[in-house]
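All of the numbers you see were taken from the coordinates with simple rules; none came from a lab. Bear in mind the structure is a predicted one, so any value in this text is a computation, not a measurement. FYI the Cβ positions are ideal-geometry reconstructions off the backbone, even for glycines, and counts take in every protein chain you see.
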Amino acid sequence: MRTLLSVIFIMTFLATGYSQDLLPNSSIQGDFQTDFQYYFEDSLIGAPNVPEKLLSNGYLNLLFTNGNFNAGIRYENYQNVMQGFDPRYEGSGIAYRFAEYKHKDFEITVGNFYEQFGSGMVFRSYEERSLGIDNSVDGIRLKYKPFSGVYLKGFIGKQRFFFDKGPGIVRGIDGELSLNEFIPKLSTSKWRYTIGGSFVSKYQEDKDPIYKLPENVGSWAGRLSLTNGKIIFNTEYAHKINDPSTVNNLIYKDGEALLVNLGYTVKGFGLMLSAKRIDNMSYRSDRTATGNVLMINYLPALTNPHTYTLEAFYPYATQPNGEMGFQGQLSYKIDKGTLLGGKYGTYVALNYSRASSLDMQPINDTTLVMAKGTDGYTSDFFALGDELFFEDFNIEITHKFSSKVKAIGTYALISYNSDVIEGHTDGMFYANVGVLDLTYKVKPKKAIRFEMQHLWCKQDEGNWGMGMIEYSIAPKWFFAVLDNFNYGNPDKDKQLHYYMMSFGYTRNAGRISVSYGKQREGIICVGGVCRNVPASNGFLVSITSNF
Amino acid sequence: MKIKKLLYIIPILILAFSACDYIDEPYTEGNGTVNPTDTVKRKILLEDFTGHQCPNCPAAAVVAHQLEALYPGQIQIVTIHAGFFSQMVSPNYLIDFTCTEGVALDTYFGVSTIGNPNGLVNRKEYSGSRVIGPNDWPSKVAEFLAMEPDADINLGCSYNDGSGAIDLTVDVDFFSDFSNDIMICAFLTEDSIIAYQKNNDPAVGTTPEIANYTHMHVLRGSMNGTWGDTLTTGGVSANDSYQKTINYSISTGTWDTEHMHIVVFIYDATTLEVIQSEEIKLK
């Protein structure tokens, strides 16, 4: 704590009046967030007794800038860790600190940093606070632009592991060539051409008395991007050498991944097609790590990230051990002045995504697929497996009826393999979800919004209904009341209401929101990475501020 | 000029690509050096937090038993059922494998909130956490067993079939100095309980569940509380010896005493790290 206060004092001093003479043009910026929740035990919904009653997660970022020099810290406080986040975060301290200097085409960072190579399939360090993910690297990063259009990056360091660091060392280099910048003749071309390549390696000592484990595990990737005003095409292929780990059940097979995106966009019309193949691509700086820790790479999800509660009941988590995924998205605006477009036009968005298993074949007649301490399996690159992991077809229609009334209607058909996605043994869930979202603008700054949702499902917890009323006074206030009702639960004792009341107030760069109610146990996902959220009953207060 | 600049990058690329270790078959170690011949050996407490509804847990039990086989007599396994996966669910999962002490340990160390299967190896903290994944147990166990023992535990046990009374005598000889209080704990475990267990590893058994799974080392309770008794306060010196008697009665007929063990371990009261462990059959 003393260290933190010293750092804050020094940074404040540097950025305030006293330092203006010494360091003109310096500035300090920051943001603050704290969430705290008061818990009530509720055996009906499975909300456990929380001995502390009140739990809190808090974050403060400070960034000091002076010309080409930046330095910053993030203080984090978990006392104790809120339910649903990894309890190993417990405690407080400076979890992130760095200094950075830029000089012409050269940039050096020491301390913690976030970075991504290409789409992230061989390296991505990032923070996703809502999931409790922070795999920042603590080390040295260099960036260099030797010629116009050539961008080089290199780093070495260890990844954050709660308030410590993981056991493995990660190092990598990345090069990207923008042909339009590099070749003068192409500078005026409508097409933008970019190629890139990465190499990343991790080192972790092998102390295992049973298996011979590789201490250095390398991975590489190559990528290509072509775009013009209407068409976008990008692809990346990644390969990883033998990397037996807890996630892949200690198999020695090489890993590989391919991601392809193709899009076409003109005014009022957009089409995006994406496909991927992921084969044994879990890559962590601790081979025994599980959960959302020490991940070196990021495997993107090709599914629609639903925002409505019941549509988001069954989210998809990318399966690093192997999956074939496809997604198609079509958006179209029906012109205003037509029968379906009305006075303001109508937006239609169609989305279809599917993820299934790889076609995994045993390596010989006597070895099971994925058997520990073997090469695991063989798999034809283009063959699809038989097992469906996830499928989602959804449509969203947005129509403005008048200057006061706007409606959004969505419908989703979701197939969800709980065995694969949650690691349970409850089989497939098939859900149909319908949503109607109506907004009525009472006055220019006052609006009332109704959400009606229904989920039909014959498995899991059965049918759910949801209703919400929200009143907002822009830009400062909102008030909301909602109820999720699990009226179709096959267990009559669990046909429960999950009420929630909330309000929020925003002033300048500060915001406070308070909610009270019950939350069901579930899973939240961001970009195909998920965490389990336990059931809870209580007050939640969130405060954010930027300065 | 451009080519010359690019040449500087080639050594970096060569260096980078050399950072790969390809492993050829066989993938297993020879293990010719894992059995020290000393009279007294370091013994490890491995607490496996599990649940009968946890599909990944049978594979973790296999790791524990591999270690038991690799280091005979040097691994004391205690299987602790606690958390979400230990709940009783009709129709097949109606045996309550949990116990007060197990739940208290799970709550204290936060194991099931991190996820099952996971465990503690001598309750030692690594990178701020004591919770260790099953595939890391072998490395951590090997690290411990590479060290000389700090103490020796000798046990004597008498059990009265009629009353269920247990008289346990413990002799502890220290070979190293410790500055903190030393605690002693005696856990009762039961083996060979045949019951349902969820499973997703076909190499271990049928999926998605094994109807006749053999549950081993199940923690049934403690003879002297979750955290045990104080063996000595104010630290110990090498060559110090201590004796302790622990008496306890179990309800006859509750458990199969033919398949029960007592696992005794001593630990540093401040760091919670286990110093030595030992096991004896109840009968």
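Summary of computed values
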| quantity | calculated |
| --- | --- |
| Ranked packing of A:47-59, B:232-244, A:291-303, most packed first, by mean Cβ within 10 Å | A:291-303, A:47-59, B:232-244 |
| For residues of A:84-91, the mean tally of beta carbons on other chains within 10 Å | 4 |
| More than 18 angstrom apart: percent of Cα pairs within the range A:50-127 | 57 |
| Phi-based couplings in Hz for the range A:123-140 (Karplus 6.51, -1.76, 1.60; Gly and Pro marked x) | 7, 8, 10, 7, 10, 10, 4, 5, 9, x, 9, 8, 10, 4, 9, 9, x, 10 |
| Built amide H within the under 5 Å cut-off of A:Val122, gap 5+ | A:Tyr298 |
| Square roots of 5 times each gyration tensor eigenvalue, C-alpha, the range A:150-307, largest first, Å | 35, 19, 14 |
| Alpha-carbon centroid distance for the pair the range A:305-339 / the range A:160-186, whole angstrom | 30 |
| Relative intensity, log₁₀ I(q)/I(0), of the range B:143-283 from a Debye sum that treats every alpha carbon as a point, q = 0.12, 0.13, 0.20 Å⁻¹ | -0.59, -0.67, -1.11 |
| Residue mean of other protein chain beta carbons inside 10 Å, A:236-245 | 2 |
| Ranked by how many other beta carbons lie within 10 Å on average, peptides B:213-226, A:209-222, A:441-454 from highest | A:209-222, B:213-226, A:441-454 |
| Peptide ranges B:43-55, A:316-328 listed from the most packed, as the mean C-beta count within 10 angstrom indicates | B:43-55, A:316-328 |
| For the range B:89-98, Karplus couplings with θ = phi - 60° (6.51, -1.76, 1.60), whole Hz, Gly/Pro x | 9, 6, x, 9, 10, 10, 8, 8, 8, 7 |
| 22 Å Cα-Cα threshold exceeded, pairs from A:Lys336/A:Lys404; A:Lys406/A:Lys445; A:Lys143/A:Lys240; A:Lys333/A:Lys445; A:Lys267/A:Lys446 | A:Lys143/A:Lys240; A:Lys333/A:Lys445; A:Lys267/A:Lys446 |
| Lone cysteines, chain B (no partner Cβ under 4.7 Å) | B:Cys20, B:Cys99, B:Cys157, B:Cys185 |
| Centre separation in Å (Cα based) which lies between the range B:208-275 and the range A:46-99 | 37 |
| Signed unit charges on C-beta, dipole axis of the range B:146-211, positive-most listed residue B:Ile194, B:Ala146, B:Thr169 | B:Ile194 |
| For A:Tyr211, distant residues with modelled amide H under 5 Å away | B:Glu29 |
| Average other protein chain Cβ within 10 Å of Cβ, residues A:197-208 | 4 |
| The range A:405-434 versus the range B:137-207: alpha-carbon centroid distance in Å | 45 |
| Calculated from backbone phi, Karplus (6.51, -1.76, 1.60) coupling profile of the range B:224-232 in Hz, x at Gly/Pro | 9, x, 4, 9, x, 10, 7, 7, 7 |
| A:Thr378 versus B:Thr233: modelled label distance in nm, points set 7 Å from Cα along the beta carbon direction | 7.0 |
| Interchain or long-range residues, amide H under 5 Å from B:Leu231's placed H | B:Ile182, B:Met183, B:Ile184 |
| Largest-first principal axis extents of the Cα set of the protein assembly as shown (Å) | 93, 72, 71 |
| Percent of Cα pairs exceeding the 36 Å cut-off, where the set is chain B | 23 |
